[in-house]
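A quick write-up on the structure given underneath.
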Amino acid sequence: MQLQKHVKIAAGCAGASIFGILFGWVIFPTVLKSQLKKEMALSKKTDVRQMWEKIPFPLDFKVYLFNYTNANDVQKGALPIVKEIGPYYFEEWKEKVDVQDQDDTDTIKYKKLDAFYFKKELSGPGLTGEEVITLPHPFLMGLVNVVSRDKPAMLNMIGKAINGIFDNPPDIFLRVPVMDLLFRGIVMNCARTDFAPKAVCTALKKEAADRLIFEPNNQYRFSLFGMRNATVDNHVITVMRGIKNVMDVGKVIAVDDQVEQTIWRDKCNEYAGTDGTVFPPFLTEFDRLESFSGDLCRTFRPWYQKKTSYKGIMTNRYIANIGDYANDPELQCFCDAPDRCPPKGLMDLNKCIGVPMYVSLPHFYDSDPELLKDIKGLSPAVNEHEIAIDFEPITGTPMVARQRVQFSMLLLKTEKIELCKDLPMVIAPLFWIEEGLALNKTFVNMLKHQLFIPKRIVGVVRWLLVAGGIIGVLGCLLFHFKDHIIHFAVKPESANVTKVAPENGDADTNIRSISAGKMLPKIDM
């Protein structure tokens with residue numbers, strides 16, 4: 001039996017609707033997820049792998065320094081007054097070298113190579129890098145703090161060594177052009193033949209070889225970032241490729257072939273999270289990200305804050321902080337003991353980098369309020385000083401990132417060293433850095449065209465198919481049952497019929513009269 005035309009149309013519309021549901025909500029998401037798993041893994045064939053090995057654009061690297069405007073008073077015990085100078089803007093180019101794939105374990109080994117290029121036009125107004133800044137001498141104060149902590153009996157000898165190495169400094173402050181401090185280096189005279197300076201310089205050459213430049217005639221040169229610039233980091237990092245399980249992509253599993261650290265206690269020695277340059281896809285608001293920082297020897301766990309957007313792409317914002325070690329059981333293993341933790345918002349880096357520095361958020365934002373009372377001139381602000389990263393959740397791509405950390409040092413008061421006997425014993429900020437990322441138009445458009453435009457097209461088409469199919473089926477049903485609908489709407493018994501009997505003559509006579517053209521008699525009402 002041949003089907004009627006409208007029945008065929010109804011069947012086609014129903015099929016279109018079912019296809020829209022299956023394709024839009026089942027097939028396409030499954031195919032997309034499968035494809036993303038392949039593309040987001042660190043396979044040699046993927047674009048992600050190429051970007052992971054060498055980021056094709058520079059990151060923002062901004063340095064802000066604290067100039068001490070009352071250095072003479074601080075030397076006598078007054079609280080420091082600081083003025084922030086910056087930013088000094090650098091382009092930071094990141095690359096991974098000596099990359100080795102290990103197929104059997106689905107891992108990659110690599111070393112890091114960073115290069116910095118100063119951009120005067122993007123720095124603060126009028127800043128050239130030649131401005132002379134006054135701040136506590138990082139190396140001098142670091143030396144005093146280390147000896148005081150580890151070998152306090154040698155403090156008298158350190159006092160003599162300081163006079164020899166730093167040419168009898170009048171105070172603990174360094175007055176030097178900014179670029180010397182950051183990259184070019186500050187000269188330390190280790191050509192002295194006296195016992196104390198010679199002994200300290202010999203120890204420095206052995207213990208701080210990775211932080212110093214050694215020049216002829218026993219001249220050592222120290223800078224904050226000079227040893228990192230265009231130099232391959234010696235540490236070998238091993239991460240998961242994510243080919244077998246994309247949710248493991250970028251996960252750090254070893255450094256220098258050691259599967260955990262040895263500097264902290266308990267779980268704080270574990271490597272957890274990615275290397276910070278790649279993250280797993282399919283993020284939700286309930287996922288807690290993890291990122292291991294080799295520079296700070298610890299894992300950070302940013303948490304979800306809110307929905308955001310970047311250049312028309314919906315993103316999830318995650319924020320992070322240093323933490324409150326004394327009151328957070330998960331962080332107490334970073335302390336020597338639970339009752340010997342630094343104040344809230346501070347982390348002691350001595351065990352990590354071998355230098356007695358403290359890291360915090362800039363201007364002691366989200367830190368113990370007592371820290372702010374000891375330093376005048378600081379103004380913590382959430383928008384300028386927090387750590388925030390906006391992720392595109394489907395691919396796990398960081399669209400905008402602002403990682404900010406401040407480095408400070410204790411102005412140690414000790415009677416055993418003349419230069420330090422009157423210091424105010426406060427945590428003094430030295431500088432802070434912001435490492436930033438904002439995907440440019442090229443990569444945003446690439447993400448839109450390869451992912452979001454097809455996804456939106458499918459989203460529109462699936463609803464058109466479903467809605468059009470449903471409307472078509474309903475239309476055909478109405479057409480098929482139109483007779484029944486009309487019959488139901490207009491019933492015969494619903495009409496009122498009144499039978500009128502004529503008063504004069506019978507019906508046949510009246511009918512014949514009408515047929516003959518005669519008028520019926522008028523009926524009086």
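The values are calculated or read from the model by the stated rules, or taken from the named source; none is laboratory data. None of these values were measured; they are calculated from a predicted model. Cβ atoms come from the backbone with ideal geometry, glycine included; neighbour counts cover every protein chain shown.
Considering each residue of the stretch 40-60, count those that are without any contact (Cβ under 8 Å) to a residue 40 or more places away in the chain and either assigned to a helix (DSSP H, G or I) or closer than 17 Å to V246 by Cα (or both), and give that number. Steps first, please.
Initially, the stretch 40-60 is screened for residues without any contact (Cβ under 8 Å) to a residue 40 or more places away in the chain, giving 45-47, 49-51, 56.
Right, trim to either assigned to a helix (DSSP H, G or I) or closer than 17 Å to V246 by Cα (or both) and you get 45-47, 49-51.
The qualifying residues number 6.
Do we have S43 as crowded, with 17+ Cβ neighbours inside 10 Å and polar (S, T, N, Q) here? Give the steps one after another, and end with the answer.
On the way: crowded, with 17+ Cβ neighbours inside 10 Å: no; polar (S, T, N, Q): yes.
So S43 does not fit the description; no.
From the set of residues in the stretch 132-144 that are farther than 13 Å from L419 by Cβ and of a type outside the set (A, V, I, L, M), which is nearest to the chain's Cα centre (by Cα)?
Filtering the stretch 132-144 for residues farther than 13 Å from L419 by Cβ gives 132-135, 138-139, 142.
Among the residues that remain, those that are also of a type outside the set (A, V, I, L, M) are: 134, 138-139, 142.
Working: T134: 33, P138: 29, F139: 32, G142: 31 Å.
The qualifying residue nearest to the chain's Cα centre (by Cα) is P138.
For a quick check of your reading: which strands (runs of 3 or more DSSP E) sit entirely within the stretch 314-412 and have at least 1 residues that are touching a His at 6+ places or on another chain (Cβ under 9 Å) and at pLDDT 95 or above? Steps first, please.
On the way: elements: 357-360, 387-392, 397-410.
Ranges flagged: 397-410.
Which pairs do you get when a residue that is free of Cβ contacts under 8 Å to residues at least 24 places away in the same chain, found in the stretch 117-146, comes within reach of a residue that is in a loop (DSSP other than H, G, I, E, B) and not β-branched (V, I, T), reach meaning Cβ atoms under 6 angstrom, with the pair 6+ apart or on two chains?
No pair meets every condition.
Could you tell me which of the residues V147, V63 is aliphatic (A, V, I, L, M) and either assigned to a loop (DSSP other than H, G, I, E, B) or over 30 Å from M51 (Cα atoms) (or both)? It would help to see each step written out before you state the result.
Values: V63 fails: either assigned to a loop (DSSP other than H, G, I, E, B) or over 30 Å from M51 (Cα atoms) (or both).
Checking each option against the conditions leaves just V147.
Looking at the structure I just gave you, is G77 small (G, A, S), closer than 30 Å to D374 by Cβ and crowded, with 17+ Cβ neighbours inside 10 Å?
Details: small (G, A, S): yes; closer than 30 Å to D374 by Cβ: yes; crowded, with 17+ Cβ neighbours inside 10 Å: no.
Considered against the rule, which asks whether it is small (G, A, S), closer than 30 Å to D374 by Cβ and crowded, with 17+ Cβ neighbours inside 10 Å, G77 comes out as no.
If you take the residues in the stretch 262-288 that are buried (at least 19 other Cβ atoms within 10 Å of the Cβ) and free of Cβ contacts under 8 Å to residues at least 60 places away in the same chain, which one is nearest to the chain's Cα centre (by Cα)?
G276
So G377 clears everything in (1) under 30 Å from L135 (Cβ atoms); (2) within 25 Å of the chain's Cα centre (by Cα) except one condition, right? Which one?
Among (1) under 30 Å from L135 (Cβ atoms); (2) within 25 Å of the chain's Cα centre (by Cα), the lone unmet condition for G377 is (2).
Say we look at the stretch 97-132 and pick out the residues that are within 22 Å of Q50 (Cβ to Cβ) and of a type in the set (K, R); which of these is surrounded by the most Cβ atoms within 10 Å (Cβ to Cβ)?
K112
Checking E95 against (1) closer than 30 Å to K38 by Cβ; (2) in contact (Cβ under 8 Å) with a residue 24 or more places away in the chain; (3) in a loop (DSSP other than H, G, I, E, B); (4) of a type outside the set (S, T, Y), which test does it fail?
Going through (1) closer than 30 Å to K38 by Cβ; (2) in contact (Cβ under 8 Å) with a residue 24 or more places away in the chain; (3) in a loop (DSSP other than H, G, I, E, B); (4) of a type outside the set (S, T, Y) one by one, E95 breaks only (3).
(1) surrounded by 19 or more Cβ atoms within 10 Å (Cβ to Cβ); (2) touching a helix residue (DSSP H, G or I) at 6+ places or on another chain (Cβ under 6 Å): which one isn't true of P338, the others all being true?
(1)
Yes or no, residue by residue, for (1) of a type in the set (K, R); (2) in contact with an Asp or Glu (Cβ under 6 Å, 6 or more places away or on another chain); (3) surrounded by fewer than 18 Cβ atoms within 10 Å (Cβ to Cβ); (4) under 25 Å from E84 (Cβ atoms):
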position	(1), (2), (3), (4)
P343	no, yes, yes, yes
L346	no, no, no, yes
L349	no, no, no, yes
D366	no, no, no, yes
L371	no, no, no, yes
D390	no, no, no, no
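How many residues does the stretch 54-94 hold that are hydrophobic (A, V, I, L, M, F, W, C) and under 22 Å from E121 (Cα atoms)? I'd like the intermediate steps shown before the answer.
Kept after step one, since they are hydrophobic (A, V, I, L, M, F, W, C), are these residues of the stretch 54-94: 55, 57, 59, 61, 63, 65-66, 71, 74, 78-79, 81-82, 85, 90, 93.
Remaining after also requiring under 22 Å from E121 (Cα atoms): 57, 59, 61, 63, 65-66, 85, 90, 93.
Number satisfying all stated conditions: 9.
Taking interchain pairs and intrachain pairs at least six residues apart, which have beta carbon atoms under 8 angstrom, with the first residue in the stretch 290-301 and assigned to a strand (DSSP E or B) and the second acidic (D, E)?
Qualifying pairs under 8 Å: S291/D275; F292/D275; T299/E270; T299/E290; F300/E290.
Taking into account only those residues within the stretch 172-197 that are outside any helix (DSSP H, G or I) and at pLDDT 90 or above, which is farthest from A78 (Cα to Cα)?
So the first thing to find is which residues in the stretch 172-197 are outside any helix (DSSP H, G or I), and the list is 172-177, 185-194.
Add one more test, that the residue is at pLDDT 90 or above, and what stays is 172-177, 185-186.
On the way: I172: 14, F173: 14, L174: 17, R175: 19, V176: 22, P177: 25, G185: 29, I186: 27 Å.
Among them, the one singled out is G185.
Quick test of your reading of the structure: L419 fulfils all but one of (1) of a type in the set (A, V, I, L, M, F, W, C); (2) part of a loop (DSSP other than H, G, I, E, B); (3) modelled with pLDDT under 95. Name the failing condition by number.
For L419, the failing item is (2).
When you go through (1) modelled with pLDDT under 90; (2) buried (at least 21 other Cβ atoms within 10 Å of the Cβ); (3) in contact with a strand residue (DSSP E or B) (Cβ under 7 Å, 6 or more places away or on another chain) one by one for F452, which number turns out not to apply?
If we test F452 against (1) modelled with pLDDT under 90; (2) buried (at least 21 other Cβ atoms within 10 Å of the Cβ); (3) in contact with a strand residue (DSSP E or B) (Cβ under 7 Å, 6 or more places away or on another chain), just (2) comes out false.
Looking at the stretch 226-241, which of its residues are part of a helix (DSSP H, G or I) and either under 22 Å from the mean Cα position of the chain (by Cα) or crowded, with 20+ Cβ neighbours inside 10 Å (or both)? It would help to see each step written out before you state the result.
Initial filter on the stretch 226-241 (part of a helix (DSSP H, G or I)): 226-228.
G226, the sole residue that qualifies.
Do you know which of the residues in the stretch 242-261 that are assigned to a strand (DSSP E or B) and touching a residue at least 40 places away in the same chain (Cβ under 8 Å) is farthest from K94 (Cα to Cα)?
Our first condition is that a residue be assigned to a strand (DSSP E or B); within the stretch 242-261, this holds for 251-255, 258, 260.
Those still in the list that are touching a residue at least 40 places away in the same chain (Cβ under 8 Å) too: 252-253.
Details: V252: 18, I253: 21 Å.
Looking at residues that are assigned to a strand (DSSP E or B) and touching a residue at least 40 places away in the same chain (Cβ under 8 Å), I get I253.
Table: residues versus (1) polar (S, T, N, Q); (2) touching a Ser or Thr at 6+ places or on another chain (Cβ under 8 Å).
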{"residue": "A209", "(1), (2)": "no, no"}
{"residue": "L212", "(1), (2)": "no, no"}
{"residue": "Q219", "(1), (2)": "yes, no"}
{"residue": "F222", "(1), (2)": "no, no"}
{"residue": "T231", "(1), (2)": "yes, no"}
{"residue": "I237", "(1), (2)": "no, no"}
{"residue": "G242", "(1), (2)": "no, no"}
{"residue": "I253", "(1), (2)": "no, yes"}
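I'd like to check something: does the stretch 151-168 contain any residue that is buried (at least 16 other Cβ atoms within 10 Å of the Cβ), at pLDDT below 90, in contact with a His (Cβ under 8 Å, 6 or more places away or on another chain) and in a loop (DSSP other than H, G, I, E, B)?
Within the stretch 151-168, one or more residues are buried (at least 16 other Cβ atoms within 10 Å of the Cβ), at pLDDT below 90, in contact with a His (Cβ under 8 Å, 6 or more places away or on another chain) and in a loop (DSSP other than H, G, I, E, B).
Which pairs have Cβ atoms under 8 Å, sit 6 or more apart or on different chains, and link a residue in the stretch 66-83 that is on the phi > 0 side of the Ramachandran plot and acidic (D, E) to one that is surrounded by 14 or more Cβ atoms within 10 Å (Cβ to Cβ) and assigned to a loop (DSSP other than H, G, I, E, B)?
none
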